[in-house]
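I have placed the structure first, in the form of structure tokens, so that the comments after it can refer back to it.
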Amino acid sequence: MDRSPHELAGKRRTFNAIHFKMTHRLSWSQLPARYGSQAVLRQNFTSYQRSGLFVRLRDALKDNPDGADLVRWLGKVIPDRPARRGTASGTNSDQDSSDGNPENRTVA
């Protein structure tokens, strides 16, 4: 399926926002306005996590030496196990199920 340049630019902006957020340990509300709507970014991030997109990207890149940094980063974005609806039990110790920000992690 061909994607329009506009659609691809939007997806690229979303991935850049997620990367920026995780790298700088920011909340969604702290992201620069250039990334767009906080609500849309958060919704896209959650959708990507639930769909397994980050796992598929990591698995596709894990044997490529040029993708080592991205594979490490994806490891921080991917929960250890699937989250159960309404709980934070699906998160690893470095992130919160709602946004993946280590600063917002759930303490057991």
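Across segment 12-24, the number of residues qualifying as within 12 Å of the chain's Cα centre (by Cα) and of a type in the set (Lys, Arg) comes to 1. Are there any pairs, at least 6 apart or on different chains, whose C-beta atoms fall under 9 Å, with the first in segment 56-67 and at pLDDT below 95 and the second in a loop (DSSP other than H, G, I, E, B), and if so, which? Hits for this filter: 58/78.
Considering the conditions (1) surrounded by 12 or more Cβ atoms within 10 Å (Cβ to Cβ); (2) modelled with pLDDT of 90 or more; (3) out of contact with any helix residue (DSSP H, G or I) (no Cβ under 9 Å at 6 or more places or on another chain), residue 89 is excluded by exactly one of them, (2). Per the conditions (1) at pLDDT below 90; (2) assigned to a loop (DSSP other than H, G, I, E, B), the sole criterion not satisfied by residue 26 is (1).
The values are calculated or read from the model by the stated rules, or taken from the named source; none is laboratory data. Worth saying up front: this structure is predicted, and the values here are computed from it rather than measured. Quick reminder, even Gly has a Cβ in these numbers, built from the backbone with ideal geometry, and neighbours come from all protein chains shown.
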